[in-house]
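Participant: Dropping the structure in here first, questions after.
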Amino acid sequence: MARYDDADLVGRLTPEEFRVLRRNGTERPFTSELNGETRQGNYYCKVCDTALFAHSAKFDSGCGWPSFDQEIEKARITRIRDTSHGMIRVEIRCAECDSHLGHVFPDGPTETGTRHCVNGVCLTFRQAEET
């Protein structure tokens, strides 16, 4: 895992991005432009630029955050048991830089049965080049 110094990231990330990515925060639901993104492309970690999710895994879960039914590669996401806020959940973090992304739930509507509920401020979307 690469080491990312929070002091360096303060100047590179917005205060909201820093709060969510590095302090395990949550953005308000229905505030991310990426929630409604439907173009072909990939979603990358805002801190280390690791490709995390493909457009083909994205779906509208109605929860207010970008949702995906699987990662590009399982090794790119770390899962951690989260018992904060009186709940038992599974937190997801970028395996490369250890930044908080959101949570994964076993209630997805596709054959994977999972819903990766990701804070949009944690991601950068890059549209696929048309050929």
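Participant: Looking at the stretch 55-84, I want the residues that are under 19 Å from Gln127 (Cβ atoms) and have a partner that is among the polar types (S, T, N, Q) and part of a strand (DSSP E or B) with Cβ atoms under 6 Å, at least 6 apart or on another chain. Which pairs are those?
Facilitator: Phe59/Ser67
Participant: Would you be able to tell me the number of residues in the stretch 1-54 that are open to solvent by less than 40 Å² (accessible area, probe 1.4 Å), assigned to a loop (DSSP other than H, G, I, E, B) and closer than 11 Å to Leu123 by Cα?
Facilitator: The number of residues fulfilling the criteria is 4.
Participant: While we're on this one: Mind listing whichever residues of the stretch 2-24 are farther than 23 Å from Ala75 by Cα and of a type outside the set (D, E, K, R)?
Facilitator: Listed by number, the residues that qualify are Ala7, Leu9, Val10, Gly11, Leu13, Thr14, Pro15, Phe18.
Participant: What number of residues in the stretch 82-131 are surrounded by fewer than 19 Cβ atoms within 10 Å (Cβ to Cβ), under 27 Å from Arg3 (Cβ atoms) and among the polar types (S, T, N, Q)?
Facilitator: Of the residues in that region, 3 qualify.
The values are calculated or read from the model by the stated rules, or taken from the named source; none is laboratory data. Because the structure is predicted, anything quoted here is derived from the model rather than measured. Counting neighbours? That spans all protein chains shown, and the Cβs are built from the backbone with ideal geometry, glycine included. All accessible areas refer to the heavy atoms of the entire protein, side chains included, with ligands and DNA or RNA removed. Shrake-Rupley method; radii C 1.70, N 1.55, O 1.52, S 1.80 Å.
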